[in-house]
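*Asks:* Just passing along the structure, written as structure tokens.
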Amino acid sequence: MRVFNASLSRTWQIGLSLLLLICTGMTYAQSDAGQDSNANDPPPRVARLAIANGDLGLLPAGSTEWTSADVNRPLTNGDKLSSGPDSRAELDLGGAALRIDGQSDIGILNLNGQTGQFELPRGSLNITVRNIDQGATYEIDTPTLAVVIDQPGSFRVDVPGDGNSTTVAVSDGLATVYGENNAQREIYSGRRYQFNNSTLSDVTVSDFVSGDAFDLWCNDRDTQEANDSSAQYVSNDMVGGDDLDNAGSWEEDEDYGDIWYPAVVGFGWAPYRFGHWAWIWPWGWTWIDNAPWGFAPYHYGRWAFIHQRWGWIPGPRQVRPIYAPALVAFVGMGAGHPVGWFPLGPRDVYSPWYHASRNYYTNVNLANIGVGRYNDQTALIDTIHNQYGLYQIGRAAPGNAYAYRNAPEALSAVSAQNFASARNVQNNLVQVNAQQLAAASMVAPTALQRPTTSSFGQPRLIDGRSLPSAGFNRQVVAVGRPAAAVSATASVSAGQPASNVRVLSVRPSTPVSSHAQVVGSAEIVRQPRFTPPQSAPQRVEQEAAESSPATLPQVPHFESAQQVPRYQPVTQSYAPREENPEQDRFETAERSHQYVPEQRPPEINPSYQPYQRPDFARPEQQGRGGEEMHPQSAPRGRESAPAPSRGEGHP
């Protein structure tokens, strides 16, 4: 009977995978009625797996098979990552970095342009927010509480193996934790909080004065990323832009503006040749490059072959980046023949092989075509709209619309089987001469190779520990609602719930009493969070606001949003602290009277007008769909730590 149950479970998993492949294959069908809907556009941002040390497993959204966690893998809603002992990983989020220690599990619940929501069922996580748009948030959901961050800073979250408590350490910054029964409290810089229940009523507060090897590693990484010279060429929100500094050099070209050239490439190198393809929902076929720097140049901007070498041209720095799975065009040679592709040139228009509204189609091109001497914005937009007409009816753009259509040195090709099996391209290249290339036809999005069960990623090389086929079953609590894609692509096994996330019922800014035990010189706080007295009209406005969920303000798609000042890491030595009871009591008394200046309340965004391209110093050059809003994203000013009640925190 045991063998029969195992076989049945395996059959169930395979059936779910095949059902997902059928559903994802239907995304190729592009009807005129639904094509202009922004609702199904993919998110403009992903997380990049920037560091993968040790035993790491990746469970892609919709899959029941754990795959290899490859560096440069784009991670999105529904993806899960698990680390073994002595392992570490870093996720690059553009304006933030999220890192995990060994024996930790994380999942992406909602990642878009305004929200970064993650689950941590167990283990240790550090998140450093360097810059953040007003109204945007990051959220860490654990079995006992949810941490919401809306300003720069550095935070560590720990969940023990039993999941019965959560510890949050604030190296720098300010955040809010939420628990059951509408419990919520501020957490402050320089403190460590251990919450022993989900109502936040049992909490131990101590000074954050020492750290372990994981803290030191995170601090070193923050220091490295703070010294990023590429920020003068690319947007601070561009994922992977930090890795360009040590891998190449920037030069200014009179025709194309700033160009980045990789320092060391091998013989026969060309963009999109040294790596592999994987099927990542909702974009479909996605390029994963082998080079340590190989993320930003393959998902943003354009490539150009200048003076016998390849250079990368980023999109306009003032425009918010929009991620693309691969900026290439495909050619085919008929059924059963190889699949080929080449990089898009400086003024080539990108036609996605997944659903795209007219708004998305236009913006993903405008955001990734750089400054150029001959770029005529009006002509470019006309070209984009014309090619969108072809895209709507499933036709490929003509070959003469691409700079490198007839350049064999730009073309890479593999068999259809190798293409769909996530195999390394450079080891399976098929030689195509100029005559064969000229006879090949441009491939429309609907004609691309269909995915198979091996398309989600390469197999794990380390298989020393078992990983749950259905992902993480431990329940976590959340403030924000996970993206719809998380439930749509959930890998559900028999007897398991469709989601392990329970959304809390939270009313913003409701005072909650919190009782704490003090350790060291930290304060005991047992009084509600201070709320300034309100006039009658203010109370009416607050009651009206509390009657409906809080929402994120809309940010114009491609104008630079107002940002909180960029985070600068604090150098920490983690020297052991000498015991001095008298000094501890003195510092406790002094801290209760300290004043933390309030931030100026953020201004409400201007009216939502269509994007108007800003003028640049160079000649004219040549954009995001609706997103689910976070219920706790209303901007808040910085508050000082509440003073302890009389007699508390003192001997």
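Bear in mind that the values in this text are calculations on the coordinates, not laboratory data. The structure displayed is predicted, hence computed values, not measured ones. Note: ideal-geometry Cβ built from the backbone for every residue, glycine included; neighbour counts use all protein chains shown.
*Asks:* Output ³J(HN,Hα) for the stretch 256-265: one whole-Hz value per residue in order, computed from phi by the Karplus curve 6.51 cos²θ - 1.76 cosθ + 1.60 with θ = phi - 60°, and x for Gly and Pro.
*Replies:* Going residue by residue, I get 10, x, 6, 10, 9, 10, x, 6, 10, 9 Hz, with x marking Gly and Pro.
*Asks:* Give me P(r) over the stretch 287-334, computed from all C-alpha to C-alpha distances, binned every 5 Å, as integer percentages.
*Replies:* 5, 17, 23, 24, 17, 9, 3, 1, 0
*Asks:* Size of the dipole of the stretch 158-217 about the Cα centre, Lys and Arg at +1 and Asp and Glu at -1 on the beta carbon, nothing else charged, in debye to 20?
*Replies:* Charge dipole of the stretch 158-217: 140 debye, to the nearest 20.
*Asks:* For all pairs of alpha-carbon atoms in the stretch 279-361, what percent lies in each bin of width 10 Å, listed from the first bin to the last filled one?
*Replies:* The distribution over the stretch 279-361 is 15, 45, 33, 7, 0, given as percents.
*Asks:* May I ask for the net charge around residue 409, where only other residues with Cβ less than 12 Å from the Cβ of residue 409 are counted and Lys, Arg are +1 while Asp, Glu are -1?
*Replies:* Details: positive: 273, 309; negative: none.
Taking every other residue near residue 409 into account, the sum is +2.
*Asks:* How big is the dipole moment of the stretch 262-421 about its Cα centre under a simple scheme where the beta carbon of each Lys and Arg is +1, that of each Asp and Glu is -1, and everything else is neutral? Debye, nearest 20, please.
*Replies:* So the dipole magnitude of the stretch 262-421 works out to roughly 180 debye.
*Asks:* Right, next: Using modelled backbone amide H atoms (1.01 Å from N, in-plane), which distant-in-sequence or interchain residues come within less than 5 Å of residue 275's amide H?
*Replies:* Amide H neighbours of residue 275, under 5 Å, 5+ apart: 290, 425, 426.
*Asks:* Give me D for the stretch 211-273 in µm² s⁻¹, whole number, from Stokes-Einstein with Rh from the Kirkwood sum over alpha-carbon pairs, 25 °C and 0.890 mPa s. Spell out each step's value before the answer.
*Replies:* Numbers: Rh = 14.0 Å.
Value of D from the Cα-based Kirkwood radius: 175 µm²/s.
*Asks:* Placing unit charges on C-beta atoms (Lys and Arg positive, Asp and Glu negative, everything else neutral), compute the dipole magnitude of the stretch 181-255 about its Cα centre in debye, rounded to 20. Write out the running numbers ahead of the final one.
*Replies:* Details: 4 positive and 18 negative charges, 223 e Å.
Its charge dipole is roughly 1080 debye.
*Asks:* Could you state the orientation-averaged shadow area of the convex hull built on the Cα atoms of the stretch 379-460, in nm² to one decimal? Before the final figure, lay out each step's value.
*Replies:* Details: hull surface 28.4 nm².
Averaging across all directions leaves 7.1 nm² for the Cα convex hull.
*Asks:* Moving on. Once amide H atoms are placed 1.01 Å from N in the peptide plane, what residues at a sequence separation of 5 or more from residue 122, or on another chain, have their amide H within under 5 Å of its amide H?
*Replies:* Residues meeting the criterion, in which the H sits 1.01 Å from N, are 105.
*Asks:* If the viscosity is 1.002 mPa s and the temperature 20 °C, what Stokes-Einstein diffusion coefficient in µm²/s follows for the stretch 252-299 when Rh is the Kirkwood radius over Cα pairs?
*Replies:* Numbers: Rh = 12.6 Å.
Answer, rounded: 169 µm²/s.
*Asks:* Something else about it: Sorted by packing (mean other beta-carbon atoms within 10 Å per residue), highest first, where do 342-353, 225-236 land? Kindly include the intermediate steps, with their values, before the conclusion.
*Replies:* Details: 342-353: 23.3, 225-236: 16.5.
Result, highest mean Cβ count within 10 Å first: 342-353, 225-236.
*Asks:* Could you give the spread of the C-alpha atoms of the stretch 84-240 along their three principal axes, from largest to smallest, in whole angstroms?
*Replies:* 48, 35, 28
*Asks:* Based on alpha-carbon positions alone, could you give the equivalent ellipsoid semi-axes of the stretch 196-311 from the gyration tensor, as √(5λ), descending, whole Å? Kindly include the intermediate steps, with their values, before the conclusion.
*Replies:* Working: eigenvalues 295, 78, 39 Å².
Ellipsoid semi-axes (Å, largest first): 38, 20, 14.
*Asks:* Continuing with the same structure: Under 5 Å between amide H atoms, partner at least 5 residues away or on a different chain: which partners does residue 258 have, H built in plane at 1.01 Å?
*Replies:* HN-HN under 5 Å from residue 258: 253.
*Asks:* Can you tally the net charge around residue 419? Count Lys and Arg as +1, Asp and Glu as -1, for every other residue whose Cβ sits under 15 Å from the Cβ of residue 419. Before the final figure, lay out each step's value.
*Replies:* Details: positive: 273, 423, 450; negative: none.
Residues near residue 419 contribute +3 overall.
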